Amino acid sequence: MSRLESFTVESSFPRRRLDTFLRDRLAGVSRGTIQRLLQQGRILVNGRAVKPTHQPQAGELIAIDWPEPERAEAQPETRSLEILFEDSDLVVVNKPPGLVVHPAAGHAAGTLVNALLAHCAGQLSGIGGVARPGIVHRLDKDTSGCVVAAKNDRTHLALAAQFAGRQVEKDYEAIVCGRPPRASGEIEAAIARHPTQRKRMAVALKGGRAARTGYRVLERLNGATLLELRPHTGRTHQIRVHLQSLGCPVAGDEVYGKRASRELFRLTGYEAPRQLLHAARLAFVHPASGKRLRLAAPQPQDFAVALQKLALA
């Protein structure tokens, strides 16, 4: 059964497309999903179908007819999961490094979604018309740590709104090559798609999306540093790109820190098995109880081993 949702546009956006406006308002719903719903006539503005390029105007009524979720292509797969918190509305897991979050080309099985489908017995949200994807935010394949999944649409939308409104506290730990210029600081640099390498992101000299990351030194290591990081925005590869711009890329990052990681190996004999980035802590307001949850994910074994091998004598 489909679900209706409507709201009134509060301010005009003369230079903004409707699909982009809705993507930012409906955090957790992709732009592609929004464009598909617009083409299907499931998103109406003042009762009429419009194009994705429509520019939202103050006072317009936007109505969304969310379709009945289709059967998810991903299939349940039994896999051991480290559960940090779980109730009838959501589940938070400590994702191990090397585990892909969402099924995609080349990774149709063996993902976190496959494991959650089995663990939650089908009770994951179906935002955007695809049954039970559940995941509210993502981590890169080789990044470990806290990931939250919603078991129903109400929880999914509420959590996504907190992520979009920067109300979620996300603290990461990273072992980086070299030493940052100060013991703590802020990195403010807009991020955009790399001009020639489309799978990479880069600090943008012009344009791009504003991005800010705070950092603090936790421990000085041999040729490296353990940092605590807090991204205040949620851009793709934000922490990795910002640390590269600081001159201290994540150890083992094959995309943004290959040269520095090779130099670390030359100096210390330690070769990182993957990018040593860990989503250590996550805090948000539970949509049902209204209580703030604070969760911590223990460091994975390879991260702890790296700290031992790089410890100063």
So if I place +1 on the C-beta of Lys and Arg and -1 on the C-beta of Asp and Glu, and nothing else carries charge, what would the dipole magnitude of the chain be about its Cα centre? I want it in debye, nearest 20. 1020 debye
Computed from the beta carbon distance with a Förster radius of 30 Å, FRET efficiency for A283 and Q39 to the nearest 0.05 stands at 0.20
Cross-link partners of K199 among lysines (Cα-Cα below 27 Å; sequence separation of 8 or more within a chain): K95, K141, K170, K258
Based only on other Cβ atoms within 10 Å, what is the fewest-to-most ordering of F284, F21? F21, F284
In the neighbourhood of R274 defined by beta carbon distances under 9 Å, the net charge of the other residues (Lys, Arg +1; Asp, Glu -1) is -3
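For A161 and V217, what does the FRET efficiency come to when R0 = 35 Å and r is the distance between their Cβ atoms, rounded to the nearest 0.05? Walk me through the numbers on the way to the answer.
Numbers: r = 33 Å, r/R0 = 0.95.
Given R0 = 35 Å and the Cβ-Cβ separation, E is 0.60.
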Spacing of the two label points (7 Å from each Cα toward its C-beta) at H194 and R154, in nm: 4.5 nm
If one builds a Gaussian network model of the chain from Cα atoms under 10 Å apart, the most fluctuating residue listed among S261, S245, S80 is S80
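For R138 and R79, FRET efficiency with R0 = 30 Å and r from the beta-carbon atoms, rounded to 0.05?
Rounded to the nearest 0.05, the efficiency is 0.95.
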Please list 254-260, 303-309, 206-212 highest first by mean number of surrounding beta-carbon atoms within 10 Å per residue. 254-260, 303-309, 206-212
Would you mind checking the range 199-232 for residues with the amide N under 19 Å from a putative spin-label position 7 Å along Cα→C-beta of A311? 218-228
If packing is taken as the average number of other Cβ atoms within 10 Å across a peptide's residues, how do 290-298, 232-240 rank, most packed first? 232-240, 290-298
Length-normalised contact order for the range 185-275 - Cα pairs under 8 Å, 6+ apart - percent: 21 percent
Starting from the Cα of A49, step 7 Å toward the Cβ, then list every residue of the range 8-29 with an amide N under 12 Å from that point. none
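Where a number appears in this text, it was derived from the coordinates with a stated rule and is not lab data. Since we're looking at a predicted model, the values are computed, not measured. Glycine gets a Cβ as well: all are built from the backbone with ideal geometry, and neighbour counts include every protein chain shown.
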